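Reviewing the structure listed below.
The values are calculated or read from the model by the stated rules, or taken from the named source; none is laboratory data. The structure presented is a predicted model; accordingly, all values stated were derived computationally and were not measured. Ideal geometry is used to build each Cβ from the backbone, glycine not excepted, and the neighbour counts take in all protein chains shown. Note: accessible area is taken over every heavy atom of the protein model, side chains too, but ligands, DNA and RNA are not part of it. Shrake-Rupley method; radii C 1.70, N 1.55, O 1.52, S 1.80 Å.
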Amino acid sequence: MLSEKLRVALDNLLPDSGSDEGYLLHGQSLRDAAVLIAFTDRPDPGVILTQRPQWLRSHAGQVAFPGGKVDPGDRDVVDAALREAEEEIGLHRRDVAIAGPTDAYRSGSGYHITPVLGVIPPDLPLDPNPDEVEAWFEVPLDILFDPGNYQLHHANWQGQDRHYYDMDWQGRRIWGVTADIIINLARRLPPGWHR
């Protein structure tokens, strides 16, 4: 089963060579957040991503994992990721086989984001909340988690030189924090873990 393969992979992560945006924070306190990386349980697995509405004031139109801030009522980051996925795309927690959380990512916007890995049945009838999600889509795992499919870019942001990864997939731009989380995890998962 894919969920068991994912648990084994999490137990055997390669040494951390990734990076995050922590260098941009300058002593800023971080807010806890969690995202769900939902792998579809099929012979060639995919990963569910969302696209935020264009009209939002913050991160308009960006591609992201389902997720958000950890609320006071959440038991932990897993509970927060599952709650957010249900609120955003109608993914019921009963349909998610949790493999576990992985290393947190510090975003330049002040979040301590914990990715939670889980496996869902393929072809679930997801129902996105139009206030939070314009659309959801599935990207094949072998494409999404191949660092060779991303381009590394440099830019100056708030006086800081920074880098970011960027990939276009079927007209959708996967970049920024979402791409960084993917690249960091892809480099740490054992090669061929899902075969």
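Against the criterion of being of a type in the set (A, V, I, L, M), in a loop (DSSP other than H, G, I, E, B) and open to solvent by less than 20 Å² (accessible area, probe 1.4 Å), LEU126 does not qualify. Per the listing ALA99, ALA81, ALA85, the residue uniquely in contact with a helix residue (DSSP H, G or I) (Cβ under 6 Å, 6 or more places away or on another chain), of a type outside the set (Val, Ile, Thr) and not in a loop (DSSP other than H, G, I, E, B) is ALA99.
I need a count of the residues in segment 157-195 that are touching an Asp or Glu at 6+ places or on another chain (Cβ under 7 Å) and open to solvent by 90 Å² or more (accessible area, probe 1.4 Å). Total meeting the criteria: 1. For segment 130-149, a residue qualifies if it is in a loop (DSSP other than H, G, I, E, B), in contact with a strand residue (DSSP E or B) (Cβ under 6 Å, 6 or more places away or on another chain) and either among the hydrophobic types (A, V, I, L, M, F, W, C) or without any contact (Cβ under 8 Å) to a residue 24 or more places away in the chain (or both), and exactly one does: VAL133. Exactly one of these conditions fails for HIS154: (1) surrounded by 12 or more Cβ atoms within 10 Å (Cβ to Cβ); (2) closer than 20 Å to TYR105 by Cα; (3) at pLDDT below 95. Give me its number. For HIS154, the exception is condition (1). Taken over segment 75-113, the criterion of being in contact with a Gly (Cβ under 7 Å, 6 or more places away or on another chain), charged (D, E, K, R) and open to solvent by 40 Å² or more (accessible area, probe 1.4 Å) is satisfied by ARG106 alone.
For the structure I just gave you, tell me whether VAL116 is surrounded by 16 or more Cβ atoms within 10 Å (Cβ to Cβ), within 15 Å of the chain's Cα centre (by Cα) and in a loop (DSSP other than H, G, I, E, B). In short, no.
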